[in-house]
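Report on the structure given below.
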Amino acid sequence: MSTLLEDVRQLLASAEGPSRKLLLIQLHEIIVSVETPEETATRISLYPVQTSAARIGQDLKIFETLTNSGPKSLQELQEITKAHPLTLGRLLRYMASVGLIRETGVDLFDANKKCQNLATPEAVTIVTHLNNYQDVTDGKATVFQPAYNTDLDTYTWFSEHPENRAALIKYMAMEQKVRGRWLDEYPIETASQGWDPKEPVFVDVGGNIGVYCAMFKNRFPEVPGRTILQDLPSTLAHALPTPGVESLGHDFFEPQPVKGAKFYHLGWVLHNWNDEKSKQILLQIKSAMTAQSVILINDMILPETGVPSFSSTLDLVMLGACGSRERTMKEWTQILGEVGLVVKDSIVYDRNLCHGIIAATLG
Ligand SMILES: C[S@@+](CC[C@H](N)C(=O)[O-])C[C@H]1O[C@@H](n2cnc3c(N)ncnc32)[C@H](O)[C@@H]1O
């Protein structure tokens, strides 16, 4: 048995990128499939404690202290945090037991890689909140508002909190590296053949700081036409300086100012909004489209059954943070149909994470 476990450990240590991720998913699925119903119930009911411990570790700056100032004793940490020594000792012991920090001796603690990561500002913990198990679709009535003591929706709040916006930008860049694969999957070059170089070819709506615009320019230097990055002005202030990419501050609930582009790209935008708001965003783009235009929705396409844990977790994060959702193909077809758009193509380019691209046109 120990050799078998050692083999698995070595396999994981040497695997990289998507194959490592797949291995982790498969190992997790094996664990879930063999545990008893009671073990499942225990795992689920105890899991939130890890989230709370991570939150407390951030709040008391335990992760920051161990990362930046080296190993500490319980007494030293007590002097820094001012927490009760007994409570602090129990908390530190728990954190070590779930691998958030390392216990190096009796009442002695040190940072490990997880602790170093949790010490960074972008390691934000989101806890979902359910309202009597009813559906939450109001983006201003989620766990986010009481948690941050605000009446604002998540993105308006981000636009007023530069530190958190910076963390979001970092997280997005990390995700975009994985999701950037869509550029190899959709036939951009064929679909834009003969395009007028003076006309807009790629408009990234809600494109954040322009990672996809940069990828588009690098991947398709020969594709003719203008590339335009759109987002809220506060985000565009941090836009990447990519030659050939124009930046245009735009609120996607307002009429789309760039008319007749070939591609309007919406990456991880609609999953932040309920159906009604998503339809408003789609209608504003639709009003600028011509018969040649294509909306490319780069979002999850959930299977009807067997949603992998990463995707179902993100769906709950959307519920908790935005009162929104990840969608199945049936739901995408419905929502697009309701605004008069026709699905021309849909590709799931990462089956393990459900990342997909949907192409929709006027007719
Ligand atoms: C989840 S991020 C997605 C970023 C990027 N499109 C991607 O695929 O990774 C959502 C983006 O929508 C932008 N956003 C939110 N509200 C907006 C609005 N009303 N108008 C334009 N952009 C908005 C945010 O600033 C953020 O960059």
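Only the coordinates and a few stated rules stand behind these numbers; no lab work does. Quick caveat: nothing in here was measured; it's all calculated off a predicted structure. A quick note on method: Cβ atoms are made from the backbone with ideal geometry, for glycine too, and the neighbour counts reach across all protein chains shown.
Multiplying the residue separation of T87 and S52 by 0.36 nm and subtracting their alpha-carbon distance yields 11.2 nm. What shape does the stretch 169-361 have by the C-alpha gyration tensor, where a ≥ b ≥ c are the square roots of the eigenvalues, rounded means a/c under 1.5, and otherwise prolate means a/b greater than b/c and oblate the rest? In terms of gyration-tensor shape, rounded. Here's the picture: a label point sits 7 Å out from the Cα of L248 along the beta-carbon direction, and within the stretch 340-361 nothing has its amide nitrogen under 17 Å of it. In the chain, the longest principal axis of the Cα atoms and the axis of helix 162-179 are about 70 degrees apart.
Using r as the Cβ-Cβ distance of L22 and E79, and R0 as 35 Å, what FRET efficiency do you calculate, to the nearest 0.05? Please list the in-between numbers first.
Values: r = 45 Å, r/R0 = 1.30.
For L22 and E79, the calculated efficiency is 0.15.
Taking the chain as a Gaussian network of alpha-carbon nodes connected by springs under 10 Å, the highest mean-square fluctuation of the residues S33, S247, S324 belongs to S33. Please work out whether the chain counts as rounded, prolate or oblate from its C-alpha gyration tensor, where a ≥ b ≥ c are the square roots of the eigenvalues and a/c under 1.5 means rounded, while otherwise a/b larger than b/c means prolate and anything else oblate? Because a/c hits 1.5 or more and a/b exceeds b/c, the chain counts as prolate. Among A239, A96, A166, the largest mean-square fluctuation in a Gaussian network model of the chain, built with springs joining Cα atoms closer than 10 Å, belongs to A96.
Counting other Cβ atoms within 10 Å of each Cβ, which trypsin sites (Lys or Arg not before Pro) in the stretch 196-256 have at most 13 and sit in a DSSP loop?
Values: sites: K198, K217, R219, R226; in loops: K198.
Of the trypsin sites (Lys or Arg not before Pro), the ones in loops of the stretch 196-256 whose Cβ has at most 13 other Cβ atoms within 10 Å are K198.
Summing +1 for each Lys or Arg and -1 for each Asp or Glu among the other residues whose beta-carbon sits under 12 angstrom from that of L232 gives -3.
Per-residue ellipticity at 222 nm, computed for the chain from helices alone with -39500 (n - 2.57) per DSSP H run of at least four residues, works out to -14500 deg cm²/dmol.
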